[in-house]
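The values are calculated or read from the model by the stated rules, or taken from the named source; none is laboratory data. Values in this document were obtained by computation on a predicted structure and should not be read as measured data. Positions of Cβ are generated from backbone atoms using ideal geometry, with glycine treated the same way; all protein chains shown enter the neighbour counts. These accessible areas exclude ligands, DNA and RNA; they are computed on the full protein's heavy atoms, side chains included. Shrake-Rupley method; radii C 1.70, N 1.55, O 1.52, S 1.80 Å.
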Amino acid sequence: MMMTIAEMLRAQRSGTLTSRALVQQFLAAAEENKHLNAVSEINPEAFTEAGALDASKDKSAALHGIPVLIKDNIDVAGMVTGAGSLALTKNIAPTDAPIVRLLRTAGAVILGKANMTEFANYMAGDMPNGYSSRGGQVLNLFDSAADPSGSSTGSAVAVGAGMCAAAVGTETCGSIISPAQHAGVIGIKPTAGLINGKGILPISFTLDTAGPIARCADDARILLGVLAGRQYDVPEPGLRGLRVGICRMFTDEMEDPEWLEPNENLVSVMQSCGAQCVELPEHGIRAGEFLGPIMKHEFKYGVNRYLRSMNNPVIPQSLAEIIAYNQRYADAALRYGQGTLIEAENTPDTLAEQDYLTALEARDLAIRDFDDLFAEHEIDLFFMTAANSGLAAATGFPSMTLPIGRTSGGLSIGSYFVARRQREDVLLRAAAAIESALVTKSI
């Protein structure tokens, strides 16, 4: 069994493990699992960075010597920020994104960049999850013919396959939670605005957030704390005093009884941990009416602004130039087309159109309604027996998935939790308690 981050830190401090050895271990795993296409680029300075940390007398930092992968839409100085696109293969980041600076300050080694669904799954409606013209098709960890989900596909698969200690993903609507569910790992989408989003090629500044993908609850706690620039204490054991609202609404594709049964069983697990579980009536909060317009209008604005900020004359300077590049090199760049990019380019970029403003108003109403749902039923945690409604992503509430089993075909089964805004500590407490209970139960 692979060591946790806490175990890696203790071993380094005792002198029985080095950061360079960890880098070597994870690079060997990446090479062994190269067929999964989870890693798009290795940091050529990883060994040098690890060696400097090994030579340091102070090994107290939260991630001292810990190798971490970064999604390909996040700036790492000297490396490509490609967002999975051939059009951006010369987009060498001049500086680190603020969250990467936080990782370095905490002692992390940037191992490399994780492959992702091109433009965070905002390029073409028929593009498979995990595909990018820059890095190829990321495969499902358990079945190469199965959906790996997206868009933080490489981040999730790399963590699940042991190619890094943990990884950073991003989510607009499901792009941390869903690939983590399919890779059998933990994913946390934080409250919108909690984590600095500068230096990340965006879809929507309203909806986007970075977040941790990890193998265990404590690893996720440590990484989230670094990304958020704060410390999350080790949670108290159990769930006594927590009220969990149980929602049994389903999305069509997740009515699979192989997903439903272990999620239903999780209710009794939470009760055994001391939680008070209450049934929630079906709510009418929907995200579909406003998600599309917000993304469509903000994508063009955000991408153009990001590209201008790079001050790099050899890369496309706008979304229009990305589209033109893709058309010039269509054989390599447009295997699945770029209909979504073209639709976004055809929208005005003033952010003053009525359908956009109406969508923002609808989102504000959904946030209010979701707040009211928590308050009316006095719940601390919202648990949905389906995989992911997208509601937390659309409204900016923090959400989380934990692996809870496998299908008869060996595919991963995940869970879906939502907490009140800024209450990531509740998610972390639930993760630790449920993880412990499931391990004990399996023994």
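Got a sec? Which of ILE379, ILE404 is in contact with a Gly (Cβ under 6 Å, 6 or more places away or on another chain) and within 26 Å of GLU264 (Cα to Cα)?
Of the residues listed, the single one that is in contact with a Gly (Cβ under 6 Å, 6 or more places away or on another chain) and within 26 Å of GLU264 (Cα to Cα) is ILE379.
Where residues in segment 100-139 are charged (D, E, K, R) and at pLDDT 95 or above, which of them is most open to solvent (accessible area, probe 1.4 Å)?
ARG101
Find the residue count for segment 293-317, including only residues that are more than 29 Å from GLU361 (Cα to Cα), surrounded by fewer than 20 Cβ atoms within 10 Å (Cβ to Cβ), in contact (Cβ under 8 Å) with a residue 40 or more places away in the chain and not aliphatic (A, V, I, L, M).
2
Could you grab the pairs with beta carbons closer than 7 Å, sequence gap of 6+ or different chains, first residue in segment 1-27 and open to solvent by less than 70 Å² (accessible area, probe 1.4 Å), second one among the hydroxyl-bearing types (Ser, Thr, Tyr) and at pLDDT 95 or above?
Every condition considered, the pairs that remain are GLN12/THR18; GLN12/SER19.
In segment 293-301, is there at least one residue being at pLDDT below 95, aliphatic (A, V, I, L, M) and within 24 Å of ASP369 (Cα to Cα)?
Checking segment 293-301: not a single residue is at pLDDT below 95, aliphatic (A, V, I, L, M) and within 24 Å of ASP369 (Cα to Cα).
Can you tell me how many residues in segment 226-246 are part of a loop (DSSP other than H, G, I, E, B) and either over 20 Å from PHE374 (Cβ atoms) or touching a residue at least 40 places away in the same chain (Cβ under 8 Å) (or both)?
12
Exactly one of these conditions fails for THR206: (1) assigned to a helix (DSSP H, G or I); (2) closer than 24 Å to TYR356 by Cα; (3) of a type in the set (S, T, N, Q). Give me its number.
The one condition THR206 does not meet is (1).
Would you mind finding the one in LEU373, LEU381, LEU365, LEU357 that is within 23 Å of the chain's Cα centre (by Cα), of a type outside the set (Gly, Ala, Ser) and at pLDDT 95 or above?
LEU381
Mind checking which residues of segment 238-259 are open to solvent by 50 Å² or more (accessible area, probe 1.4 Å) and at pLDDT below 95?
ARG248, PHE250, ASP252, GLU253, GLU255, ASP256, PRO257, GLU258
Does LEU194 satisfy being assigned to a loop (DSSP other than H, G, I, E, B), within 20 Å of SER412 (Cα to Cα), open to solvent by 10 Å² or more (accessible area, probe 1.4 Å) and in contact (Cβ under 8 Å) with a residue 12 or more places away in the chain?
So LEU194 fails the test.
Given the structure, is LEU307 within 17 Å of THR117 (Cα to Cα) and not basic (Lys, Arg)?
no
Taking strands (runs of 3 or more DSSP E) that do not extend beyond segment 348-443, which have at least 3 residues that are open to solvent by 10 Å² or more (accessible area, probe 1.4 Å)?
Passing ranges, in order: 403-406.
If you go through segment 151-170 one residue at a time, do you hit one that is open to solvent by 10 Å² or more (accessible area, probe 1.4 Å), modelled with pLDDT under 95 and either farther than 30 Å from ALA62 by Cα or assigned to a loop (DSSP other than H, G, I, E, B) (or both)?
No, there is no match, as no residue in segment 151-170 is open to solvent by 10 Å² or more (accessible area, probe 1.4 Å), modelled with pLDDT under 95 and either farther than 30 Å from ALA62 by Cα or assigned to a loop (DSSP other than H, G, I, E, B) (or both).
Only one residue in ILE323, ILE342 is out of contact with any Leu (no Cβ under 7 Å at 6 or more places or on another chain) and among the β-branched types (Val, Ile, Thr). Which one?
Only one candidate qualifies: ILE342.
Taking the options LEU411, LEU360, name whichever one is closer than 19 Å to THR117 by Cβ, among the hydrophobic types (A, V, I, L, M, F, W, C) and touching a Phe, Trp or Tyr at 6+ places or on another chain (Cβ under 9 Å).
Selected residue: LEU411, the only one of LEU411, LEU360 that is closer than 19 Å to THR117 by Cβ, among the hydrophobic types (A, V, I, L, M, F, W, C) and touching a Phe, Trp or Tyr at 6+ places or on another chain (Cβ under 9 Å).
For the condition charged (D, E, K, R), surrounded by fewer than 20 Cβ atoms within 10 Å (Cβ to Cβ) and in contact (Cβ under 8 Å) with a residue 60 or more places away in the chain, what is the one hit in LYS90, LYS34?
Being charged (D, E, K, R), surrounded by fewer than 20 Cβ atoms within 10 Å (Cβ to Cβ) and in contact (Cβ under 8 Å) with a residue 60 or more places away in the chain holds for just one of LYS90, LYS34, which is LYS90.
Could you please tell me which pairs satisfy a Cβ distance under 9 Å, a separation of 6+ or placement on different chains, a first residue in segment 331-345 that is on the phi < 0 side of the Ramachandran plot, and a second residue that is open to solvent by 50 Å² or more (accessible area, probe 1.4 Å) and outside any helix (DSSP H, G or I)?
Pairs that qualify, where the first residue is on the phi < 0 side of the Ramachandran plot and the partner is open to solvent by 50 Å² or more (accessible area, probe 1.4 Å) and outside any helix (DSSP H, G or I), are TYR336/GLY125; TYR336/ASP126; GLY339/GLY125; GLY339/ASP126; THR340/GLY125.
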